[in-house]
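See structure below.
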Amino acid sequence: MLNHPTLEKLHALRLPGMARALAQQGEMPEITTLTFEERLGLLLDHESSDRDNRRLATRLRLATLRQNACLEDIDYRHPRGLDRSMLVKLGSGDWLREHLNCLVTGPAGVGKSFIACALAHQACREGLSVRYLRLPRLMNDLAMARGDGRYRKLLAGLARTDLIVLDDFGLAPIGEEQRRDLLEILEDRYRRRSTIITSQYAVEHWHGLINDPTLADAILDRLVHHAYRLALKGDSMRKHKLQPEMDNT
């Protein structure tokens, strides 16, 4: 049986997954042992899987994650204070549905950004919208947006995003304008959306980093009290990755 007209109609109807599955069935002699309903079910399964994969690819593209990371790739071999049970719990996604936050702290190179991106990747798998942002660059973008009229639009876009990752908190000085911008972002998200923040500084030092007692209280009240904490420690993971190469030289 020639399926070319049927394949063309499936593509015209924007059913590429079914079209590919039908073409594959045509190359399988044993497919004739299946009933019509069974073959149709396989076609629908392929189309559903294809659509899920395309949606995931789109969410990941829009997320602009710094690293191609997933929870399955997290390295537990090197001692750095990683709580596997905590990451398994976070991997379930319940914290995202409850609109909680996650704070990842530790020295440079210990894997904070990788873990944040892995959690963000899992959120994309869960069907949620995600954005990865380096906080110093976001502050600059907001300052520019305030000047060219995009400020409210940019804040509204962040408020609608299910999960945002704010990487490198405290890496650059936080001025008056940046403090107020951060409060606006967190106020819009409080108990409505989730936020991941990474920092080289322990949470106990964040109040001083913000350097304004009143705004620091307001910012941390919306961020810290409903958050999971991952406090990492140890040597840089980059050092461990380079060590085998150095040993062979």
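Read-outs: derived from the displayed coordinates by stated rules, not from any lab. Bear in mind that the values here come from a model prediction, so they are computed numbers and not experimental data. Cβ atoms come from the backbone with ideal geometry, glycine included; neighbour counts cover every protein chain shown.
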| Descending principal axes extents, the range 29-82, alpha-carbon based, whole Å | 55, 29, 17
| task | Please arrange SER85, SER113, SER49 by counting, for each residue, the other beta carbons lying within 10 Å of its beta carbon, fewest first. | result | SER85, SER49, SER113
| query | Roughly what would the spin-label model give for ARG137 and THR35, points 7 Å off Cα along C-beta, in nm? | reply | 5.5
| field | Ratio Rg/Rh [Cα only; Rh per Kirkwood] for the chain | value | 1.11
| Lysine pairs with alpha-carbon atoms under 29 Å apart, the chain, spacing 8 or more or separate chains | 8
| query | Between TYR201 and residues 5 or more places away or on another chain, which pairs have amide H atoms under 5 Å apart, with H built 1.01 Å from N, and which residues are they? | reply | GLY106
| query | What is the pair-distance distribution P(r) of the range 4-62, computed from all Cα-Cα distances in 10 Å bins starting at 0, with each bin given as a whole percent? | reply | 23, 46, 24, 7, 0
| note | Applied in sequence order to the range 125-139, the curve 6.51 cos²θ - 1.76 cosθ + 1.60 (Karplus, θ = phi - 60°) yields integer Hz couplings, x standing for Gly and Pro, of 4, 6, x, 9, 7, 9, 9, 9, 9, 7, 4, x, 5, 4, 4
| query | Using θ = phi - 60° and the Karplus curve 6.51 cos²θ - 1.76 cosθ + 1.60, what whole-Hz ³J(HN,Hα) does each residue of the range 77-84 get, with Gly and Pro shown as x? | reply | 6, 8, x, 8, x, 6, 9, 4
| remark: For the range 1-54, listing GluC sites (Glu not before Pro) in a DSSP loop whose Cβ sees at most 15 other Cβ atoms within 10 Å gives GLU27
| task | Can you put THR58, THR195 in order of Cβ neighbours within 10 angstrom, beginning with the fewest? | result | THR58, THR195
| field | Stokes-Einstein D for the range 110-249, Kirkwood Rh over Cα pairs, 37 °C, 0.692 mPa s (µm²/s) | value | 200
